[in-house]
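Just below is one structure, and these are the notes that go with it.
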Amino acid sequence: MTGQIAKGSEGIKMIAPGGKLYNDKDRAADDTLAAAVRKSFNNCNFVLSESQSEYAKIVNTRYMLDFSRANFNKAIRLNVEDSIRELWVKYELIKLDDIFKVIESGSRPQGGVEHYTSGALSLGGEHIDNTSGYINLSSPKYVPLDFYENAKVGKIRKGDILLCKDGARTGKVAIVRGELGQQPAMINEHVFLLRANNDITQYYMFQILFSEQGQYLLKQYITGAAQGGLNSSNLKQIKLPV
């Protein structure tokens with residue numbers, strides 16, 4: 001484009017109201033990129049909606065800067081996925097579906113579990129301590145033993161990886177150590193259980209998913225409106241270095 005810009009026409013102009021960047025008719029609109037930026041500055045835990053994910057992504061700034069150069073030029077890299085992959089190119093990337101023999105979610109009795117005070121433990125996202133990677137049983141919840149015994153999926157073993165699948169806790173991960181003792185336990189419908197063929201792979205995969213890079217990668221696969229989450233199809237397609 002050549003020629004002079006008419007006075008008064010400088011800067012960014014709103015071509016059509018109610019756009020994806022900013023809605024000048026509704027400044028409180030929650031589905032714009034401006035809203036996402038506002039939530040980021042307000043330290044709100046949020047994810048992009050499914051429609052926003054088509055044209056935007058959440059990126060850690062450290063992955064947009066190249067610190068490997070002798071002369072740091074402050075250039076912003078937009079192809080962030082490639083910069084993440086550079087950390088792992090030494091090893092073969094394999095889909096989670098081929099790493100874990102079990103990827104499943106659990107359930108709870110109709111009506112919830114609030115009125116049960118004993119039975120088998122019922123673990124949800126609130127029981128996953130993402131700071132330590134341990135299970136937090138300070139506020140235990142339960143399902144009846146007969147419900148646990150009749151459940152076909154979601155029963156927890158020592159060494160299982162538990163991954164929160166939706167809501168504000170999406171991506172939180174822990175590995176079951178000795179917290180449960182001999183008490184039977186199962187996950188609810190908000191958690192994935194991941195189980196590999198051997199303990200070495202299991203613990204290694206936990207360390208990858210628990211790492212900063214793993215947490216970043218998981219969040220790239222979050223879809224859905226409002227707080228969104230991880231569905232099993234997307235989760236199984238994630239590739240990790242083995």
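The values are calculated or read from the model by the stated rules, or taken from the named source; none is laboratory data. Note that the structure is predicted; figures quoted are calculated from it, not measured. FYI the Cβ positions are ideal-geometry reconstructions off the backbone, even for glycines, and counts take in every protein chain you see. Just so you know, the surface numbers come from the protein's heavy atoms only, side chains and all, with ligands and any DNA or RNA stripped out. Shrake-Rupley method; radii C 1.70, N 1.55, O 1.52, S 1.80 Å.
From largest accessible area down, sort V37, V173; use a 1.4 Å probe on the protein chains.
Sorted by accessible area, descending: V37, V173.
Please give every one of the lysines within straight-line cross-link reach of K152, meaning a C-alpha to C-alpha distance under 17 Å, and leave out same-chain neighbours fewer than 8 residues apart.
Here the lysines satisfying the reach criterion relative to K152 are K101.
Mind putting a number on the dipole of segment 109-242 about its Cα centre? Charges go on the C-beta only, +1 for Lys and Arg and -1 for Asp and Glu, and I need it in Debye to the nearest 20.
The dipole magnitude comes to about 360 debye.
Can you list the residues, at least 5 places off or on another chain, whose amide H is less than 5 Å from the amide H of A185, using H built in the peptide plane?
L121, I156
How far apart, in nm, are two points set 7 Å out from the Cα along the Cα-to-Cβ line at S118 and at Y134?
Rounded to a tenth, the inter-label distance reads 2.7 nm.
Provide the per-residue ³J(HN,Hα) series for segment 200-205, in order, calculated from phi with Karplus coefficients 6.51, -1.76, 1.60 and θ = phi - 60°, each as a whole number of Hz, with x at glycine and proline positions.
Ordered by residue, 3J(HN,Hα) equals 5, 4, 4, 5, 5, 5 Hz.
For a 26 Å ceiling on Cα separation, which of these pairs sit above it: K165/K239; K39/K236; K90/K158; K95/K172?
In this structure, K39/K236; K90/K158 lie more than 26 Å apart at Cα.
Within straight cross-link reach of K74, meaning Cα distance under 21 Å, which lysines are found once same-chain residues fewer than 8 apart are removed?
K57
Could you state the accessible area per residue of segment 108-240 in Å², with a 1.4 Å probe and every protein chain left in place?
So segment 108-240 comes to 48 Å² accessible per residue, rounded to a whole number.
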